[in-house]
Amino acid sequence: MPVPVRQPAPVARRRAVVMRHRARDLAREGARKGGGHARAGLAYVADRIIDIAPRVPVRDLAALRGQFPGLGPEELADRLVAGAAAGTSTVGAGIGAAAMLPVPPAMPTELAAEITGVAAIELKLIAELHEVYGVRAPGGLRARSTAYLSSWSEERGIDVTKPSTYDTALGGRMKRELRRQIMKRMVRNLPNLTPFMVGAAVGAVMNRRDTRKLAAQIRADLRRIQVPWDELPELPPLEKPADPLSPRELSEEL
């Protein structure tokens, strides 16, 4: 009988093997370096997100209604979520594509860059959703940015009628929540080692899914305290960041 010819493994399976070996090496390296290095890395990413939060440009309700005329609150919110999900999926695709290289880059570094970029997009989304639902966080630029950081880290809308439910001071509790959120995202975004489940498409799907899930939670909270547009008092224009985060700078983060 003829000897069966051995077929080469599918490309996706070979990539999965590479990723498995890389993940194993990273785990060994992490165990060797110890938890102190991990905590330092998380602290750095948390501090980076805190630094960029006040620089994220946010459109107020008047600007949003001018840009999307004729839309009601839910339709406008849908547009914002779709735009943010598209943005974070692009970030995820870039990281996913990097994971498919024959020799993947240092994934913790790549994931840290992804988290920072996604955080900036989602912080903008959260701030603008609060505008759309008529519940702008009180205070100046820095106080609002901190309140929206609290919303992002705890994955919920802020209740402006109950200041005790959100932080406007960058104390220890806020930083602990940020680090917890960052750790959740890093664990969730570790390379999936199942064949056919690595790459740009999966990275994009994961981030798009997570941004939509976050937005759904925020919107559910905000609907409970929503103020109709015709009942809103006249609000001053939002204060503009002195040094707004530009698209170019955001791409450099990634």
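Where a number appears in this text, it was derived from the coordinates with a stated rule and is not lab data. Computed from a predicted model, the values in this text were never measured in an experiment. Here the Cβ positions follow ideal geometry from the backbone for every residue, glycine too, while neighbour counts run over all protein chains shown.
Full extension of the chain between ALA143 and ASP243 gives 34.4 nm of extra length, using 0.36 nm per residue less the Cα-Cα distance.
Once both labels are positioned 7 Å from their Cα atoms along Cα-to-Cβ, the gap between ALA220 and ARG180 label points is 1.8 nm.
For LEU232 and PHE68, compute 0.36 nm times the residue count separating them, minus their Cα-Cα distance, and round to one decimal in nm.
Extra length available between LEU232 and PHE68 comes to 57.2 nm.
In this structure, the amide hydrogen of VAL56, modeled 1.01 Å from its nitrogen in the peptide plane, lies closer than 5 angstrom to those of LEU245, counting only residues at least 5 positions away or on a different chain. Distances between placed amide hydrogens fall under 5 Å for GLY157 paired with ASP221, LEU222, all partners being 5 or more residues away or on another chain.
Sorting GLU74, GLU177, GLU128 by the number of Cβ atoms found within 10 Å of their own Cβ, with the fewest placed first, yields GLU74, GLU177, GLU128.
Based on the mean of other beta carbon atoms within 10 Å per residue, what is the order of 129-140, 231-242, most packed first?
Going by the mean number of other Cβ atoms within 10 Å, highest first, we get 129-140, 231-242.
The label-point distance for TYR44 and ARG209, in a model that sets each label 7 Å from Cα toward Cβ, rounds to 3.0 nm.
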